[in-house]
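First comes the structure, then the notes that go with it.
The values are calculated or read from the model by the stated rules, or taken from the named source; none is laboratory data. It should be emphasised that the depicted structure is a prediction, and the values quoted were computed from it without experimental measurement. Virtual Cβ from ideal backbone geometry, glycine too; neighbours counted across all protein chains shown. These area figures cover heavy atoms from the full protein model, side chains too; ligands, DNA and RNA do not enter into them. Shrake-Rupley method; radii C 1.70, N 1.55, O 1.52, S 1.80 Å.
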Amino acid sequence: MVRRMRYADVMGGADMTIMRCENLSKTFQTGEYAVHAVREVSLGFEPGGFCAITGPSGSGKSTLLHMLGGLEYPTGGKVYYEDADLYQYNDNQLSLLRRRRFGFVFQAYNLVRELTAYENILLPVMLDKKQPDKAYIDRLVEMLNIGDRLSHLPGALSGGQQQRISIARALANKPAILFADEPTGNLDGVTGREVLALLRLVGQELGVSLVLVTHDLGIAEQADRIIRLEDGRVASDSGAK
């Protein structure tokens, strides 16, 4: 298991980080051509912070998020969660780490259509063969205001309701970091702002670090820190030391 010890900020400051990456790169080979999606990115993320990664389409922001979350192997560089190099784990160990320490929210919700909302929320806990913490789950349900939708199948829920269920599912195993990839992309403006406010609320209330990818600068500006990517590189970082 990962020891609960944090590294100093990758940029050399005194702040402590829960996650960092060093010279992180990803290259895709398309026929004879190499596409450099992410180029030597080095960043540190503080515990409990809300960081937005933004940039134009094709800038590498989703690829970066997926590598930070252990969903996609890098071509070069390293990712550390506390004192552990993610990509030194084998596939089973990495899967276990993701399930227990990371939560994921995607644009497409990714709910299991045959399961009720409540069963979807409990899915990661059951996959881990653990007993749900009922008081904690009840708190999530109350915070996300989904108590009257728990018996519904996803097909009977609105987009905003489905995204709230997916947030509850992502938090059910009490992760340390919540990764959100365009979580408001399929929602109208009002619903998107509500979902974003809920993400921020649960992050603050539960002490979860939030790393969010968005192309919408209006959404990014609500974060504590904004990292802007251009052509796979960090163009600006409001949290840089």
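Assorted remarks:
- Computed over protein heavy atoms with a 1.4 angstrom probe, the accessible surface ordering of His215, His66, His36, largest first, is His215, His36, His66.
- In loop segments of segment 170-241 as defined by DSSP, the GluC sites (Glu not before Pro) with at most 15 further C-beta atoms inside 10 Å of their C-beta are Glu221.
- With DNA, RNA and ligands ignored, accessible area of Lys174 (1.4 Å probe; Å², nearest 10): 100
- Dipole magnitude for the chain: about 580 debye, using +1 per Lys or Arg Cβ and -1 per Asp or Glu Cβ, origin at the Cα centre.
- Taken along its principal axes, the alpha carbon cloud of segment 23-126 reaches lengths of 45, 32, 29 Å, longest axis first.
- Residue-level accessible surface for Asp83, protein heavy atoms, 1.4 Å, Å²: 30
- Overall, segment 136-241 carries a charge dipole of about 280 debye about its Cα centre when +1 sits on the Cβ of Lys and Arg and -1 on the Cβ of Asp and Glu, all other atoms neutral.
- For the chain, adding -39500 (n - 2.57) for each run of n ≥ 4 DSSP H residues and dividing by the number of residues yields -9500 deg cm²/dmol at 222 nm.
- Estimated at 0.36 nm per residue, the fully extended path between Arg233 and Ser151 surpasses their Cα-Cα distance by 25.1 nm.
- Restricting the trypsin sites (Lys or Arg not before Pro) of segment 108-144 to loop positions (DSSP other than H, G, I, E, B) with no more than 13 neighbouring Cβ atoms within 10 Å leaves Arg113, Lys129, Lys130.
- The fraction of accessible area contributed by carbon and sulfur in the chain is 49 percent, rounded to a whole number (1.4 Å probe; ligands and nucleic acids excluded).
- Net length gained if the chain between Arg193 and Leu115 were fully extended (0.36 nm per residue, minus Cα distance): 25.4 nm
- For Val202, the accessible area of its heavy atoms, probed at 1.4 Å with every protein chain present, is near 0 square angstrom.
- Between segment 109-151 and segment 49-78, the alpha-carbon centres lie 27 Å apart.
- The GluC sites (Glu not before Pro) of segment 51-127 meeting both criteria, a DSSP state outside H, G, I, E and B (loop) and at most 12 other C-beta atoms within 10 angstrom of the site's C-beta, are Glu114.
- Between Asn120, Asn145, Asn90, the residue with the greatest mean-square fluctuation in the GNM of the chain (Cα pairs under 10 Å linked by springs) is Asn90.
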